[in-house]
Amino acid sequence: MFAPKSRALGALFITFVAATPLAAATRDPFSPDAAVSFFRDLFRDAPDVGAKDHMVATSSDSRTLTFKLDDGSEITLSLAGGRVLIDGEQAGRYIPGGALEGAWQELLADLARVPTPLAVLRVRSWAPTGLVGEEKTAASALRRRLAGITAATGEAITPQPIPGAPPGGLTVDIRSFNDLRTLEPTLWRVSQLTGPDLKLAVPDGRAYLGHFSVGTGDEQEGHLLVLHGDADIFGTVRGNVVAVDGDVVVHAGATITGSVLAVGGRVQDAGGDIRGAVLTLSDPETATTAPLAPASSTAGTALRRGAGLAGIFLSLMLMGAGMVAFAKRQIEVVADTVGHSFGRAFLAGLLGQILVVPTFGMIIVGLALTVVGIFLVPFAAVVYTLLAVVTLVGGFLAVAHAMGEVRARRKMAAGSTNVSANGYAYIGVGLTGAALLWVVWVALGWVPVAGWLIELAAILVTWVLATVGFGAALLSRLGLRDSFAGRFIAPETLTDEYLWATPQFGVPAVTRPEKREVPPSRTPPPMP
Amino acid sequence: MRHLVRGAWYVGLWAVGCGLSTPLAAQTMRTFTVERKAESASQLRATVEFGAGELSLGPGKAGMLYSAEMRYDQERAAPQHRFDPQGPQLDLRLRPIGNAGVRVTNREQLAQRAVVTFAPGIPLDLDVTLGAGEGQIELGGLKVKRAAIRSVATRTVIRVDRPNAMACETLDLDGGAAEVYTEKLGNLRCAEIRFDGGMGQTRLDLTGRWTSTLRLSAKQALGTLTLVLPKDAGVRIVLDRTLSSFEPTGFTKDGNAWVSAGFASAPRTVLVDVTSAVGGLVVVWE
């Protein structure tokens, strides 16, 4: 009906259409609600909602953050019993006691003691690190949900001076901006403090919370730090000016003898005189504009895993075809070694895995100990690594070859005539067999506990096959030696006369001489 | 078998489609800006170091001594800005966190970008180091007194589209494992250009408005070195090569050097000293 090219393009289009909604829809991508949600999300930005209050609740197995919004609704994000819940629906999984739970717990501990406007700032820039796999995906879903939250209007901070810290207390040194790596985190930490916790010392300067102005004709001696508000300069500041979560506005006629730094804000030069440098450092963009990982749905996870499996399968298939085409004898010898000396190959592979790193170290050290050998170290390292990879991959493909060959023989023995008895088919069938457990994992890996068990089984089986292949490749010297391949035939059996009289292969119906009965011994019995 | 091939083709398309449709993973990008008015500065010595990403460097607004905008991944890098009014001297860097040297982990890291500009009319002593990524450096319009540009693993393009307002003393280029491409370096009016290349392709374009004598010293370990020379210039090349090729068309042998026709009477001359290990030297006349 359709030309193959049209079909291919159609498949590609369907793939894009099928894959794209996975990034936007967070729940069942095939439900009508999800479809509406998908198109709604596709054509508008993330909705901004004003949070007027927030709550943190923790128990032995759950940690919940709730934002109360202007319109009376709530946003609830929770880690409970291994599941990441967003507004009551599962958005992913986490490992109890793992990195995600630790980062979430740390965030909630901070949020428990800050007012809602600061909590909003805090969650918008929450960026846990060190996450992998499903935890990383789940964290992306949490961050995506948190990104749309803004503080409710009317939550402005009352301007006030910040009390000085006692000796040994928190100090923010803004006399120089040379060490931003140290200064910026300090400023961020300070900006998270509220109430009685907010006490700090500014060497040669002062600190204020909320909007702050230096009036026309006024002179501010020393450096100026403003948290959560704009610094409006009409007069003169003899020192540096720093604003965190606010702008610095230098009006006409104003003078700042030092430099200006705005963290999370701008510096607006409205005709003033800034003698030093003007520096700005934006808020982290992760929570607002940086691309985030797609939400994880069951279908999406399965699709991604399936694509990965298909990619690996095709790659191995291509490599296997190449080996059959260009190194047929070698792969057959390794495959025969697998079939004939399975246990020995497994032990050799196990030993090889244990010794591969120490051997490498010994080679490098040995070369390094000699003067001439030092120059060979890079070459030896590359060659050794390549050999190890070729041995591992080649061995695995040989195992697949052996599996396919065994299956073909059994089918032929059962009388089937529709059997492809060639190396390409052997490897294809073998790889398919090796991939079966992974296919089950792709389909059912999302099931709690069972999914992990399937994954474990698949890893175990693949490791065993790889170990056997590695060992067989080692035993057969990458297919160059057939001592363990069951191909040995004693030289005396290869004489023409013997072969003519006694065919060795393929004729099980040959009539062999019957066993002769042993005549009774003529030796007289021993004397009593 | 045909079905198998067709099925594999569809699976491949599907896998490619899924790969293209997957958004990038999260990262934490920040933007750092800095600028300073020229005030009474009579010169500037600037050091710019950019670990990974795209760097654009060139002339900026008059009256602004320097300005920079850096977009970086705060989990992997940190900006550093120091200014010493005695000199004056600027030290502007985007360094990998931990000072572990250049480290490129994935394509996302290369989303880092920086735009650095300098005052057009103030004598500049410039020292630039590029890590991994791409560098676009426009020296035309600047008043370059001396410049040193090091590329570790970068594709670097250096252009000088306008003649330097002052004679440049030296230009040092260090190619590392990078591809270095230059346009109209002659406009810098340098007395000497030194190039030290490791691996990669290099194109040194010495055309532009310059007079008298230009000395070029170039070392290339692995790769082709292409010299673009003005047609009216007399050229003398001393070539030390190991496994390199050189087609001396238009040159005659003079002792251990290759000399272009009309070298003695040329209005301007280029004295080239090339050391090439593996690769070749190509001369192009423009």
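The values are calculated or read from the model by the stated rules, or taken from the named source; none is laboratory data. The structure displayed is predicted, hence computed values, not measured ones. Heads up, the Cβs are rebuilt from the backbone with ideal geometry, glycines too, and the neighbour counts pull from every protein chain shown.
Considering only the stretch B:1-57, state which residues are of a type in the set (Val, Ile, Thr) and either modelled with pLDDT of 85 or more or in contact with a helix residue (DSSP H, G or I) (Cβ under 9 Å, 6 or more places away or on another chain) (or both). Matches in the stretch B:1-57: B:Val11, B:Val16, B:Thr22, B:Thr31, B:Thr33, B:Val34, B:Thr47, B:Val48. So B:Asp174 ticks every box in (1) surrounded by 18 or more Cβ atoms within 10 Å (Cβ to Cβ); (2) assigned to a loop (DSSP other than H, G, I, E, B) but one. Which box is left unticked? The number of the failed condition is (2).
Considering only the stretch A:456-473, state which residues are surrounded by fewer than 20 Cβ atoms within 10 Å (Cβ to Cβ) and over 11 Å from A:Leu347 (Cα atoms). Within the stretch A:456-473, A:Leu456, A:Ala457, A:Ile459, A:Leu460, A:Val461, A:Thr462, A:Trp463, A:Ala466 qualify.
Any residue at all in the stretch A:498-506 that is at pLDDT below 85 and closer than 23 Å to A:Ala327 by Cβ? Within the stretch A:498-506 (the criterion being at pLDDT below 85 and closer than 23 Å to A:Ala327 by Cβ), the answer is no, since none of the residues qualifies.
Of the residues making up the stretch A:167-186, those that are polar (S, T, N, Q) and outside any helix (DSSP H, G or I) are A:Thr171, A:Ser176, A:Asn178. With respect to the conditions (1) at pLDDT below 90; (2) among the aliphatic types (A, V, I, L, M); (3) under 30 Å from B:Leu188 (Cα atoms), B:Val115 falls short on a single one, namely (1). Restricting the search to the stretch B:37-78, which residues are assigned to a strand (DSSP E or B), more than 19 Å from the chain's Cα centre (by Cα) and within 15 Å of B:Asp127 (Cα to Cα)? B:Leu44, B:Tyr66 - these are the residues of the stretch B:37-78 that are assigned to a strand (DSSP E or B), more than 19 Å from the chain's Cα centre (by Cα) and within 15 Å of B:Asp127 (Cα to Cα). What about A:Leu281, is it at pLDDT 90 or above and in contact with a helix residue (DSSP H, G or I) (Cβ under 9 Å, 6 or more places away or on another chain)? Here the answer is yes, as A:Leu281 does meet what is asked. Scan the stretch A:412-430 and give yes if some residue there is on the phi > 0 side of the Ramachandran plot, in the same structural domain as A:Leu316 (by TED's automatic domain parsing), at pLDDT 85 or above and surrounded by 12 or more Cβ atoms within 10 Å (Cβ to Cβ), otherwise no. Taking every residue of the stretch A:412-430 in turn, none turns out to be on the phi > 0 side of the Ramachandran plot, in the same structural domain as A:Leu316 (by TED's automatic domain parsing), at pLDDT 85 or above and surrounded by 12 or more Cβ atoms within 10 Å (Cβ to Cβ). Looking across the stretch B:203-235, the residues that are farther than 20 Å from B:Gly175 by Cβ, at pLDDT 90 or above and assigned to a strand (DSSP E or B) come down to B:Thr213, B:Ala233, B:Gly234, B:Val235.
Inspection of the stretch A:170-190 identifies no residue that is small (Gly, Ala, Ser), in the same structural domain as A:Leu279 (by TED's automatic domain parsing) and at pLDDT below 90. Consider the stretch B:76-92 and keep the residues that are closer than 16 Å to A:Glu184 by Cα and small (Gly, Ala, Ser). The one that is modelled with the lowest pLDDT is B:Ala77.
Criterion applied to A:Gly366, A:Gly320, A:Gly352, A:Gly361 was being buried (at least 17 other Cβ atoms within 10 Å of the Cβ) and over 15 Å from A:Leu474 (Cβ atoms), and the one residue passing it is A:Gly320.
Considering only residues of the stretch A:411-421 that are free of Cβ contacts under 8 Å to residues at least 12 places away in the same chain and polar (S, T, N, Q), which is nearest to A:Phe326 (Cα to Cα)?
A:Asn418
Filter the stretch A:321-337 down to the residues that are out of contact with any Ser or Thr (no Cβ under 9 Å at 6 or more places or on another chain) and part of a helix (DSSP H, G or I) and list them by number.
Across the stretch A:321-337, the qualifying residues are A:Ala321, A:Gly322, A:Met323, A:Val324, A:Ala325, A:Phe326, A:Lys328, A:Arg329, A:Ile331, A:Glu332, A:Ala335.
Can A:Leu367 be described as assigned to a helix (DSSP H, G or I), farther than 29 Å from A:Phe484 by Cβ and in the same structural domain as A:Lys328 (by TED's automatic domain parsing)? Yes. Within the stretch A:330-341, does at least one residue satisfy the condition of being surrounded by 21 or more Cβ atoms within 10 Å (Cβ to Cβ) and within 14 Å of another protein chain (Cβ to nearest Cβ)? No, the stretch A:330-341 contains no residue that is surrounded by 21 or more Cβ atoms within 10 Å (Cβ to Cβ) and within 14 Å of another protein chain (Cβ to nearest Cβ).
Picking from residues in the stretch B:236-286 that are among the small types (Gly, Ala, Ser) and not in a loop (DSSP other than H, G, I, E, B), the one that is modelled with the lowest pLDDT is B:Ser244. Return yes when A:Pro167 is away from every other protein chain (no Cβ under 14 Å) and either among the hydrophobic types (A, V, I, L, M, F, W, C) or touching a residue at least 24 places away in the same chain (Cβ under 8 Å) (or both) and no when it is not. So A:Pro167 does not fit the description; no. The set of residues from the stretch A:178-213 being over 15 Å from A:Leu224 (Cβ atoms) and buried (at least 20 other Cβ atoms within 10 Å of the Cβ) comprises A:Leu180, A:Glu184, A:Ser191.
Against the condition in contact with a helix residue (DSSP H, G or I) (Cβ under 7 Å, 6 or more places away or on another chain), away from every other protein chain (no Cβ under 12 Å) and in contact (Cβ under 8 Å) with a residue 12 or more places away in the chain, how does B:Gly87 come out, does it pass?
Answer is no for this residue.
Within the stretch B:26-69, being over 22 Å from B:Gln86 (Cβ atoms) and at the interface with another protein chain (Cβ under 10 Å from one of its Cβ atoms) holds for B:Ala26, B:Gln27, B:Thr28, B:Met29, B:Arg30, B:Thr31, B:Phe32, B:Thr33, B:Glu69.
Filtering the stretch A:90-110 for residues that are within 30 Å of A:Val260 (Cβ to Cβ) and in contact (Cβ under 8 Å) with a residue 12 or more places away in the chain leaves a non-empty set. Taking the stretch A:284-308 as the range and being modelled with pLDDT of 75 or more, crowded, with 17+ Cβ neighbours inside 10 Å and more than 9 Å from chain B (Cβ to nearest Cβ) as the test, the residues that pass are A:Gly300, A:Thr301, A:Arg305.
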